Amino acid sequence: MSVNPIATTLMPLSQAVSWYLVLNQPLLPSLSKISTFYCAWALYKKIAKGDQKELGHISMGILAVTSYSGKRYASLAGTVLVLANFLLPAYYVLSWSVEKVAEKLKKDVTNKTIKWAYIFKAYFVSNLALWGMVCYKLSQGELLPGEVVAT
């Protein structure tokens, strides 16, 4: 499986934008934007690329709808689903070498796939931290940067 340079560039770029939004903008509208993007990307992978194992559109779609509707606790549930999508394969992705990640996910071990695997592992860790922080912020009622809303 070849390395798509656009998709590879989108990994760190989408995380940078996501972190910026989560840390500096109102949380629920930010989650709506972030999850809509990732839902669309997952659908692209599933439909256009034929990746039948891709399920991110489900959890990201739920989060997109719940956050867009402004429902804090429903958004928390959606975020837990998103976090679960990363936690379930975390043991493998984090314990595997970059060579093994390239071999398992790209079916090839070359300089390109190894570079991709480094980016993928960093993206994966960043997502674990991001969605963990979002869970925390939602559970604490921090919907605006630095401000906790009464529950």
From the list Leu83, Leu63, Leu105, Leu28, which one is among the hydrophobic types (A, V, I, L, M, F, W, C) and surrounded by fewer than 18 Cβ atoms within 10 Å (Cβ to Cβ)? Leu105
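Taking into account only those residues within the stretch 42-56 that are open to solvent by 40 Å² or more (accessible area, probe 1.4 Å) and of a type outside the set (Lys, Arg), which is nearest to Ala7 (Cα to Cα)? Write out each step before concluding.
Applying the first criterion (open to solvent by 40 Å² or more (accessible area, probe 1.4 Å)) to the stretch 42-56 yields 43-53, 55.
Add one more test, that the residue is of a type outside the set (Lys, Arg), and what stays is 43-44, 47-48, 50-52, 55.
Details: Leu43: 14, Tyr44: 11, Ile47: 16, Ala48: 14, Gly50: 15, Asp51: 14, Gln52: 18, Leu55: 17 Å.
Within the stretch 42-56, the match that is nearest to Ala7 (Cα to Cα) is Tyr44.
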Among the listed residues Thr8, Thr79, identify the single one that is over 21 Å from Tyr118 (Cα atoms) and polar (S, T, N, Q). Thr79
So, Leu28, is that one touching a helix residue (DSSP H, G or I) at 6+ places or on another chain (Cβ under 7 Å) and in contact (Cβ under 8 Å) with a residue 60 or more places away in the chain or not? yes
Checking the structure you have, find out if any residue of the stretch 13-24 is over 11 Å from the mean Cα position of the chain (by Cα), within 22 Å of Gln140 (Cβ to Cβ), open to solvent by less than 40 Å² (accessible area, probe 1.4 Å) and of a type in the set (A, V, I, L, M, F, W, C). yes
Consider Tyr73 carefully, then state whether it is open to solvent by 70 Å² or more (accessible area, probe 1.4 Å) and either under 16 Å from Cys135 (Cβ atoms) or in contact with a Pro (Cβ under 6 Å, 6 or more places away or on another chain) (or both). yes
For Ala117, are the conditions met, namely being assigned to a helix (DSSP H, G or I), loosely packed, with under 15 Cβ neighbours inside 10 Å and at pLDDT 95 or above? no
Which ones in the stretch 74-107 are more than 13 Å from the chain's Cα centre (by Cα) and farther than 25 Å from Met1 by Cα? Ala74, Ser75, Leu76, Ala77
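The values are calculated or read from the model by the stated rules, or taken from the named source; none is laboratory data. Quick caveat: nothing in here was measured; it's all calculated off a predicted structure. Ideal geometry is used to build each Cβ from the backbone, glycine not excepted, and the neighbour counts take in all protein chains shown. SASA here: full protein model, heavy atoms, side chains in, ligands and nucleic acids out. Shrake-Rupley method; radii C 1.70, N 1.55, O 1.52, S 1.80 Å.
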